[in-house]
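The values are calculated or read from the model by the stated rules, or taken from the named source; none is laboratory data. Since the structure is predicted, the reported quantities are computational estimates derived from the model, not experimental observations. Cβ placement follows ideal geometry from the backbone for every residue including glycine, while neighbour counts extend to all protein chains displayed.
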Amino acid sequence: MKKHLCSIIILLFSFILSAQNNITLSSDQHMIYLGAIDKTTPVYIIRKDTEGLISTIKEYYYYIGEEKTGPYDKCGWPVFSPDGKTLAYKAEIDGKNYVIAGKEKVGPYDSCRYLTFSPDGKTLAYTAEIDGKWYVVNGKEKAGPYSDCGLLTFSPDGKTLPYTAEIDGKWYVIAGKEKAGPYDSFDSLIFSPDGKTLAYIAEIDGKWYVIAGKEKAGPYDECGWPVFSPDGKTLAYTAEIDGKWYVIAGKEKAGPYEDISYSLTFSPDGKTLAYTAEIDGKSYVIAGKEKAGPYNRCWDIAFSPDGKTLAYTAKIDGKWYVIAGKEKAGPYEYISYSLTFSPDGKTLAYTAEIDGKWYVIAGKEKVGPYDWCDDLTFSPDGKSFAYTAKIDGERYVIAGKEKAGPYDYCGLLTFSPDGKTLAYTAEIDGELQSILMYEGNEYIGSICNNSIIYFSNNQIFIE
């Protein structure tokens, strides 16, 4: 008897946690986004449409639990801190932009962008334009003015916020009280996985350099994006010297090559670096000390999660093939940049063109034809698979045997941890909406901090 009573209490408690809010929307109200903060409090955006004399007037309201803010002329979707306990968003009021975080509203700004939380979630940073000048706002500190400023990149420990800024026509890399430069231009501001080294490429007097910490390598005629090995011990990049291309990884230099791919790929254990290179007019795949080819062309390299299999696409006698280890699939007319391994490494998926139509190929299965397909996504356990497809000019989300749509746009597919639920972004009638494909139905909803939240029958559910 006690066991049954305990089960009933747990069931009732679970239902109370699940059914969070009872919301009745009028015919002029539309929920376009639904998420959750701290796994328990719903966050949603309501658009209210009012028919004016010559157009429909749209107003947006933000709801965080029982709190309501707005109306806004426009507003962005929330940016959550890594721990899911804090959120921030951008809102437009009378042509001015504001950043709202909790109960604070900061602005007005002419524009603002790149809302970014520190890894510990305690600091919000973004860039803001005021009277034609740009500033970097980092918590309560504001740096500037600058002519322009680029992407913000917190160090893994969250203690440093490097960014790029333009001052008097020159570019600088700024981190706290440190400033490196001037540079004519720059690219690829990245941290090593351990956060100890900041690397980027910069142009000085027409030559390119790779800068990592206090070290500067070069000059080069040109260089590609640098990439760190997973253990952070090796920095690799491509560089052009006197018309020939080289791959530089740590203290080693491979080449010369006539041309080289920009996308250098490390194996998961960091021991093998793979890339494609052109030698005597033919393309080769180079992985460590091994070289495969020659091919007419090759690109799109991917290691399996365990690092035991290297997959790539290659053009042979005018046809394209997928080569994974000792296996070769094809021929195809074309293969998009889409090689995707399942998390367990057992299945390789990609998109390929056959007779003018596109197909999704996952292992031994082939699905199609489509006008186009993209966004290949596996669930964490590798058992579920989803993608987007274009059919007769309309876009759909396809997950297993289920098809949702049509949409003007769809993407950003994300599975729940158990792989049973899929969240994605879709554009419907010009408005982006957060959609949840759950138990065969579509809802306004999302996956936030591994929790599933959706709106059904005038109720918000969190599971």
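Computed values, structure above
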{"quantity": "Selection from the stretch 247-273 of residues that are in contact with a Ser or Thr (Cβ under 8 Å, 6 or more places away or on another chain) and not in a loop (DSSP other than H, G, I, E, B)", "calculated": "Val247, Ile248, Ala249, Ile260, Phe266, Leu273"}
{"quantity": "In the stretch 300-319, residue surrounded by the most Cβ atoms within 10 Å (Cβ to Cβ) [restricted to those that are in contact with an Asp or Glu (Cβ under 7 Å, 6 or more places away or on another chain) and assigned to a strand (DSSP E or B)]", "calculated": "Thr313"}
{"quantity": "Set Gly363, Gly356: member being more than 17 Å from Ala302 (Cα to Cα) and free of Cβ contacts under 8 Å to residues at least 40 places away in the same chain", "calculated": "Gly356"}
{"quantity": "Check on Tyr33, under 21 Å from Cys112 (Cβ atoms), at pLDDT 90 or above and not assigned by TED's automatic domain parsing to the domain that holds Val99", "calculated": "yes"}
{"quantity": "Per-region count, the stretch 65-77, residues in a strand (DSSP E or B) and crowded, with 19+ Cβ neighbours inside 10 Å", "calculated": "2"}
{"quantity": "Subset of the stretch 404-463 that is in a strand (DSSP E or B) and acidic (Asp, Glu) - its residue that is nearest to Asp49 (Cα to Cα)", "calculated": "Glu431"}
{"quantity": "The lone exception for Ser185 - which of (1) loosely packed, with under 14 Cβ neighbours inside 10 Å; (2) hydroxyl-bearing (Ser, Thr, Tyr); (3) on the phi > 0 side of the Ramachandran plot it fails", "calculated": "(3)"}
{"quantity": "Scope the stretch 86-132; condition acidic (Asp, Glu) and either under 19 Å from Ala175 (Cβ atoms) or out of contact with any strand residue (DSSP E or B) (no Cβ under 6 Å at 6 or more places or on another chain) (or both); matching residues", "calculated": "Asp94, Glu104, Asp120, Asp131"}
{"quantity": "Scan of the stretch 125-146 for residues that are in a loop (DSSP other than H, G, I, E, B) and closer than 23 Å to Phe80 by Cβ, ordered by number", "calculated": "Gly139, Lys140"}
